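Here the structure is laid out as structure tokens; the discussion comes afterwards.
The values are calculated or read from the model by the stated rules, or taken from the named source; none is laboratory data. As the structure is a prediction and not an experimental result, all values here were calculated from the model. Cβ placement follows ideal geometry from the backbone for every residue including glycine, while neighbour counts extend to all protein chains displayed. The protein model used for the area step is the full one, side chains on, heavy atoms only, and it has no ligands, DNA or RNA in it. Shrake-Rupley method; radii C 1.70, N 1.55, O 1.52, S 1.80 Å.
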2 protein chains.
Amino acid sequence: MSDGVTFINVFEIDADRVDEFVGHWRERAELLRGAPGFRDVRLHRALLPDSRFQLVNVAHWDSEEEWRAATQSHGQFQSSVAEAARVATPNPALYQVVVEISG
Amino acid sequence: MSDGVTFINVFEIDADRVDEFVGHWRERAELLRGAPGFRDVRLHRALLPDSRFQLVNVAHWDSEEEWRAATQSHGQFQSSVAEAARVATPNPALYQVVVEISG
């Protein structure tokens, strides 16, 4: 298996809207389960309410092409993404791992 | 083993300074290898130079206490962190995983 690609989305959102947002995020993420190339996704919530970025989504895909195919042609997913942008400012991008260290 | 805690640092940095920064980041991260409670760390680099956040560091620790002990009382580590802040704006915070989905 190749290294794949990492999709990271850093959200700017008011701490008091996080609970509502997480519920919708979970429904949206479930739409991707089983998509070709999808490996896993984790949504991280800041422990402190004054952290600048309250939510960070880290997902792993086999390839950029499969990520694109699964997310950009999925009508229900896209409309949910558009709805989510009304309460949180997303900063999505694709990444590669450049350093990895294990303890 | 418990779920542990996730430390995420989102960096704002000019794309043309990323190469230099990554080299120093690697040296700094090596200082934490073997620290009690350290599990692993990955530094992610954006595939595109115009992504807002060029670098995202995701690290896993057994506990907040061990993360704090390893990073905040380590003189060489701290001075390297301070040096790094001259070329990149860090946004560090601790997170918990609130949703996890596997494909």
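Nearest 100 Å² is fine: how much accessible area is buried between B and A, summed over both sides, with a 1.4 Å probe?
On the way: alone 7110 and 7120 Å², together 10610 Å².
Summed over both sides, the interface buries about 3600 Å².
State the percentage of accessible surface on the protein assembly as shown attributable to carbon and sulfur atoms; use a 1.4 Å probe and exclude ligands, DNA and RNA. Walk me through the numbers on the way to the answer.
Working: 4990 of 10610 Å².
Roughly 47 percent, rounded to a whole number.
Using only DSSP helix segments of four residues or longer, with each worth -39500 (n - 2.57), what per-residue ellipticity at 222 nm results for the protein assembly as shown after dividing by its residue count and rounding to 500? Show your work: numbers first, answer last.
On the way: 6 runs with 64 residues, N = 206.
Theoretical 222 nm ellipticity from helices: -9500 deg cm²/dmol.
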Loop sites in region A:51-100: trypsin sites (Lys or Arg not before Pro), DSSP, at most 15 other Cβ within 10 Å: A:Arg52, A:Arg86
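Tell me, what is the percent relative contact order of chain B, built from C-alpha pairs under 8 Å that lie six or more residues apart? Please list the in-between numbers first.
Details: 143 pairs, mean separation 46.9, N = 103.
For chain B, the relative contact order is 46 percent.
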Chain B - Rg (one decimal) and Dmax (whole number), Cα, Å: 14.1, 42
Charge dipole (debye, nearest 20) of the protein assembly as shown; +1 at Cβ of Lys and Arg, -1 at Cβ of Asp and Glu: 20 debye
Unit Cα scatterers, Debye sum, region B:1-55: log10 I(q)/I(0) for q = 0.15, 0.19, 0.20, 0.28 Å⁻¹: -0.52, -0.76, -0.81, -1.19
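Could you give the accessible area per residue of region A:33-73, probe 1.4 Å, as a whole number in Å²? The partial results should precede the final answer.
Working: 1940 Å² over 41 residues.
About 47 Å² of surface per residue is accessible.
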Backbone HN-Hα couplings from phi across region A:58-73 [Karplus 6.51/-1.76/1.60, Hz, Gly and Pro as x]: 10, 10, 10, 10, 5, 7, 4, 5, 6, 4, 5, 4, 6, 9, 9, 10
Chain-alone versus full-assembly comparison, region B:66-103, residues with accessible loss of at least 50 Å² (1.4 Å probe): B:Tyr95, B:Gln96, B:Val98, B:Val99, B:Ile101, B:Gly103
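For peptide B:38-48, compute the average count of partner chain beta-carbon atoms within 10 Å of each residue's beta-carbon.
Details: counts 3, 2, 4, 5, 9, 7, 13, 7, 5, 7, 3.
Whole-number average of other-chain Cβ neighbours for B:38-48 is 6.
Give me Rg over Rh for the protein assembly as shown, both radii from the alpha carbons and Rh done the Kirkwood way, two decimal places. Walk me through the numbers before you get to the answer.
Working: Rg = 16.9 Å, Rh = 17.7 Å.
Result: Rg/Rh = 0.96.
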